[in-house]
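Q: Starting off with a structure, shown below.
Every number here is computed from the coordinates shown, using simple stated rules; none is lab data. A quick note: this is a predicted structure, and the numbers were derived from the prediction, not measured. Neighbour counts are summed over all protein chains in view; Cβ atoms, including those assigned to glycine, are modelled from backbone coordinates with ideal geometry.
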Amino acid sequence: MSDGNTQQEVQQRVKPILDKVAVEGLRAWLKAIGLPAPALSRASITDHIATLIVKKQLAEDALEAALVGFEEASDMRIYLFQLDDHEAKTAKKSLPARLQQYGIPLTNKRTFAGDRAGPMSPVYAQIEGDLFRVKWAEQQEMVKVNAHGTGVDKKQVPKRAVLIADFSAGTAELRLNPPENVHSYEDGSGRPTAPAYYGAYLQKARDVLGCQVEAFELRPVIESLVKKEDPRVVRIHIDDHTNQKNYKTKTSGPRADVRDNPDWHLGYEENGGTWSWDAQSFYWLPKVSSGFLTREVFTHIDAEEGFVKVNADCSNDEVEYVVSKIRAH
C-alpha cells in the first residue's frame, strides 16, 4: 500500500480488502493493537480505519500485514505436527532446493493470494532463520440446487493453504480452508471429496518440509482443558462427548460454562474416567490470555481426525495464541 493524502484516497485503497474481513474481526484486531474500536457497521469501519491512517495512528503497511494474516488464519482446519529433530536440521538446509523443485517463489514479504485459479497454486515461501512459511491458493466451485429447485447455482470460492514450521522448536502446522463440493482432488472412484483434498495438501506439506512428521496428539489437550479450573482458560458452551463404549451425551446451556451445571459436574465426577476425549468445542477466554485476546475465540478440537478448527474471522495473532496454548497442554 502507498501513502495517501486524503481520506477519500485512503478509503478507495483499503475498502476492497477490508470488505473481505468480518467487522468483528477488524474490531478485535484494532483493540489488540491499542486503537479505538467502537461498534461499527460494514460501511463505517472503512471510514474509521481510513481516519486512523490519515491521522497517522495506523500505518498502511501494518494494516496490510494484518489483513494478510486474516487471509492466512480465518476459517481454517489446522493440522499440528512434531518434526523429527535429526531430520529437521538436514531438511532446513535443503529448503531452497525443494522450493525451486516445487515452483514456490521465495520472498521476504508475506503477500495476498490474489486470483489463483489452478489447484495448489504456490503464492510465496518465506524463510526467517528457523521459521518457514509457505502459502498456496486456488479457486473451487460451490454448486447447490437453487431456491426454486429448477436448476443449480454455481459460485467460485477462493481457498487458501498455509504451511508454517519452526525448525528450532521442531513444530509445524498446516492450515486449510474447508473445500467446496467441486474441486480437483478425487477419491479412487473419481469423485471430488474432502478427504482427498486434505490428503493432497498434507502430502504436499510433507514433501516441502522434507522430513518425517508426527501428528500432535490432541486427546490429552481436550482432557486437560476440560479439567483445568483454576484459572479456566476456556469456556465450554456445549459439551458433546463420547465415552469409551461409544455412547454419546450432549449438554448445552445459556452463555455460560456447562461445568457450572451441577448435573454436568455430577456426571463428570462419576463417569469422567470413561470419556474418550475424541472431540470438544471451546471458547478461549480473553481475561486469562495476558492481553493476547480481546474477545472469546471459538475452537473445535477433533482428536479422532487430528485437527483444530477456527472461525471465519480470526486474525493470525489469535490463531497463533490458540495453537501455542494447545501445544502447551
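Q: May I ask you to list the residues in the stretch 23-46 that are surrounded by fewer than 16 Cβ atoms within 10 Å (Cβ to Cβ) and either touching a residue at least 40 places away in the same chain (Cβ under 8 Å) or of a type in the set (D, E, K, R) (or both)? Write out each step before concluding.
A: Start the filter on the stretch 23-46 by keeping residues that are surrounded by fewer than 16 Cβ atoms within 10 Å (Cβ to Cβ), which leaves 24, 31, 33-36, 38-39, 41-44.
Glu24, Lys31, Arg42, listed by residue number.
Q: Then there is this: Please specify each residue of the stretch 84-133 satisfying the condition of being assigned to a strand (DSSP E or B) and within 22 Å of the chain's Cα centre (by Cα).
A: The first filter runs over the stretch 84-133 and keeps only residues assigned to a strand (DSSP E or B), leaving 106, 121-128, 131-133.
Selection gives Ser121, Pro122, Val123, Tyr124, Ala125, Gln126, Ile127, Glu128, Leu131, Phe132, Arg133.
Q: Collect the residues in the stretch 134-160 that are β-branched (Val, Ile, Thr) and in a strand (DSSP E or B), keeping them in residue-number order. Reasoning before the result, please.
A: Step one: list which residues in the stretch 134-160 are β-branched (Val, Ile, Thr), which gives 134, 143, 145, 150, 152, 157.
Of everything in the stretch 134-160, those that are β-branched (Val, Ile, Thr) and in a strand (DSSP E or B) turn out to be Val134, Val143, Val145, Val152, Val157.
Q: Considering only the stretch 15-38, state which residues are part of a loop (DSSP other than H, G, I, E, B) and among the acidic types (Asp, Glu). First the steps, then the outcome.
A: First, pick out the residues of the stretch 15-38 that are part of a loop (DSSP other than H, G, I, E, B): 19-22, 33-38.
Selection gives Asp19 alone.
Q: From the list Arg98, Arg133, which one is touching a residue at least 24 places away in the same chain (Cβ under 8 Å) and either under 26 Å from Gly306 (Cα atoms) or crowded, with 17+ Cβ neighbours inside 10 Å (or both)?
A: On the way: Arg98 fails: either under 26 Å from Gly306 (Cα atoms) or crowded, with 17+ Cβ neighbours inside 10 Å (or both).
So the residue among Arg98, Arg133 that is touching a residue at least 24 places away in the same chain (Cβ under 8 Å) and either under 26 Å from Gly306 (Cα atoms) or crowded, with 17+ Cβ neighbours inside 10 Å (or both) is Arg133.
Q: Just to be sure, is Ser189 in contact (Cβ under 8 Å) with a residue 40 or more places away in the chain and either within 14 Å of Trp136 (Cα to Cα) or surrounded by fewer than 17 Cβ atoms within 10 Å (Cβ to Cβ) (or both)?
A: no
Q: Right, here's the next one. In the stretch 298-315, which residue that is under 11 Å from the mean Cα position of the chain (by Cα) and among the hydrophobic types (A, V, I, L, M, F, W, C) is surrounded by the fewest Cβ atoms within 10 Å (Cβ to Cβ)?
A: Among them, the one singled out is Ala312.
Q: Kindly provide the set of residues from the stretch 260-288 that are buried (at least 16 other Cβ atoms within 10 Å of the Cβ) and touching a Lys or Arg at 6+ places or on another chain (Cβ under 9 Å), ordered by number.
A: Kept after step one, since they are buried (at least 16 other Cβ atoms within 10 Å of the Cβ), are these residues of the stretch 260-288: 261, 264, 267-268, 275-286.
Residues satisfying the conditions are Tyr268, Ser276, Trp277, Asp278, Ser281, Phe282, Tyr283, Trp284, Leu285, Pro286.
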